[in-house]
Amino acid sequence: MKFSISRDAFLKPLQVVSGAVERRHTIPILSNVLIQASADEVRLTGTDLEVELVSACAIEGGDAGEVTVPAKKLVDIVRSLPEGATVEFSASADKAMIRSGRSKFTLATLPAQDFPNIDDWDSDIQLITSQAVLKDLMECTHFSMANQDVRYYLNGMLFETDAGILRTVATDGHRLAMSSCDIGQPNLASRQVIVPRKGVMELLRLLDDADNEVKVLIGNNHIRIETNGIGFTSKLVDGRFPDYRRVLPSGGDKIVVAERDVLKQACSRASILSNEKYRGVRLNLSSGEMCLTANNPEQETAEEVLEVEYQGDSLEIGFNVSYLIDVLNTIQGSKVKITLAGPDASGLIEDNDDDSSLYVVMPMRL
């Protein structure tokens, strides 16, 4: 096989597919990228058996063939070439050669027929939205995913379709984040699937804030997202996501409205002297005022007092300050609304002017 391509046209799809490649893998070929050339296109594939990324770029007058080469080395070589350079790629028996100007590199190869492709599968749900919508739904919730929890179904994000609504939900058992958007397809069947953590993080890297169309295909065991000539496929987590609706607090009669930036800065300052392990902060509410206090085993204390819109009874409740800061970093509006029921009930946090996302944080005993 043989083809020529500009360095800049080759680098971007290479970087895209290398995101799925595992550097340290027990199966050597999974450290490689599959390169398939035809007369007018080069197709690149990277996988770790859980996530597969495919991208293509146009060429002129290539010699057809396929081969696998070490992904990281190829990306590093192409990235290090000067902008605007032409890359000449050729492969024979067990070697691949990359030439550009007076530079020449030889890489070891592995046979393309040994490269594992995710099996063909049929989708039973298809929906179309924009990159911006899908990315926003994921960015509003991804921080609440569990990381290496024994409850493996929490180490990912729930994608739910429900009568024209696309919803994402993530929880680690101590907090929950949920975001919804009407994508204008009322005939969508109701379905819940869990996308694993690595798939979510790869998707966030791939998607941008543009209005480019995204096609989402959901099958029994896989989800595929196609956009801008890139195909992303991920296996789904085989498990049942907790019924998040049962976690959403109801009946809260104590409503606090605060300036988001003021509250975030107060939480950040109070967190400096919170217990490093438990990260607890105490909220004391009284009419028109919130007092945040934190202390640690060294008997050091922090106290922050801020004005808020609140007219209810006095209340004292404890939260993990890191969870509060995560939510306040994600909300975009200038004001946040916090709904509380009592010292032992979860708090509900929302953007005061936008109810498309909501956040539940469990209380702490301090």
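How much area per residue is accessible in the chain when the probe is 1.4 Å and only protein heavy atoms are counted (Å²)?
Normalised by residue count, the accessible surface of the chain is 49 Å².
In the structure displayed, which of LYS264/LYS337; LYS215/LYS235; LYS254/LYS277 lie more than 19 Å apart, Cα to Cα?
Violating the 19 Å Cα-Cα cut-off are LYS254/LYS277.
Which one, THR68, ALA345, ASN147, projects farthest toward the positive side of the charge dipole computed for the chain from Cβ point charges (K/R +1, D/E -1)?
Of the listed residues, the answer is THR68.
Tell me the angle of helix 260-271 to the major Cα principal axis of the chain, expressed in degrees between 0 and 90 and rounded to the nearest ten.
Orientation of helix 260-271: about 90 degrees from the principal axis.
With all protein chains present and a 1.4 Å probe, how do ARG24, ARG260, ARG197, ARG79 order by accessible area, largest first?
ARG24, ARG79, ARG197, ARG260
To test your reading of the geometry: what angle, between 0 and 90 degrees and rounded to tens, separates the Cα axis of helix 71-80 from the longest principal axis of the chain?
Result, in degrees: 90.
Relative contact order for the chain: what is it in percent, counting Cα pairs under 8 Å that are at least 6 residues apart?
Result for the chain is 12 percent.
Suppose accessible area is computed on protein heavy atoms with a 1.4 Å probe; arrange GLU307, GLU139 from highest to lowest.
In descending accessible area the options line up as GLU307, GLU139.
If one takes the longest principal axis of the Cα atoms in the chain, at what angle in degrees, from 0 to 90 and to the nearest 10, does the Cα axis of helix 197-206 lie?
Here the helix axis deviates by roughly 70 degrees.
For segment 96-125, which trypsin sites (Lys or Arg not before Pro) are both in a DSSP coil and crowded by at most 15 other Cβ atoms within 10 Å?
Qualifying residues, ordered by number: ARG102.
Hey, what did segment 189-321 get for relative contact order, percent, Cα under 8 Å, at least 6 apart?
18
For the chain, with only Lys/Arg (+1) and Asp/Glu (-1) charged at the beta-carbon, what is the dipole magnitude about the Cα centre, in debye rounded to 20?
Approximately 1240 debye in magnitude.
Relative contact order, percent, of segment 207-272 when contacts are C-alpha pairs under 8 Å separated by at least 6 residues?
Here the relative contact order equals 16 percent.
Using a 10 Å cut-off on Cβ atoms, rank the peptides 209-220, 4-15 from the highest mean neighbour count down.
4-15, 209-220
Pop out the carbon and sulfur fraction of the accessible area of the chain as a percent, whole number, probe 1.4 Å.
Its accessible area is 44 percent carbon and sulfur atoms.
Looking at [x] 25.0, 79; [y] 20.4, 65; [z] 19.5, 61, which value of Rg and Dmax of the Cα atoms in Å comes from a calculation on the structure shown?
Computed from the coordinates, Rg and Dmax of the Cα atoms in Å corresponds to [x].
Order ARG245, ARG240, ARG191, most accessible first, counting only protein heavy atoms with a 1.4 angstrom probe.
Putting ARG245, ARG240, ARG191 in descending order of accessible area: ARG240, ARG245, ARG191.
Where the centroid of each part is defined by its Cα atoms, how far is segment 281-343 from segment 166-209 in Å?
Using only Cα atoms to place each centre, the spacing works out to 28 Å.
Add -39500 (n - 2.57) for each DSSP H run of 4 or more in the chain, then divide by its residues: what number comes out at 222 nm, to the nearest 500 deg cm²/dmol?
After summing the helix terms and dividing by residue count, I get -5500 deg cm²/dmol.
Local charge sum around VAL305 (other residues, Cβ-Cβ under 12 Å, Lys/Arg +1, Asp/Glu -1)?
-3
The values are calculated or read from the model by the stated rules, or taken from the named source; none is laboratory data. Bear in mind that the values here come from a model prediction, so they are computed numbers and not experimental data. Using ideal geometry, Cβ is built from the backbone for each residue, glycine included, and neighbour counts are taken over all protein chains shown. Surface accessibility is based on the protein's heavy atoms, side chains included, excluding ligands, DNA and RNA. Shrake-Rupley method; radii C 1.70, N 1.55, O 1.52, S 1.80 Å.
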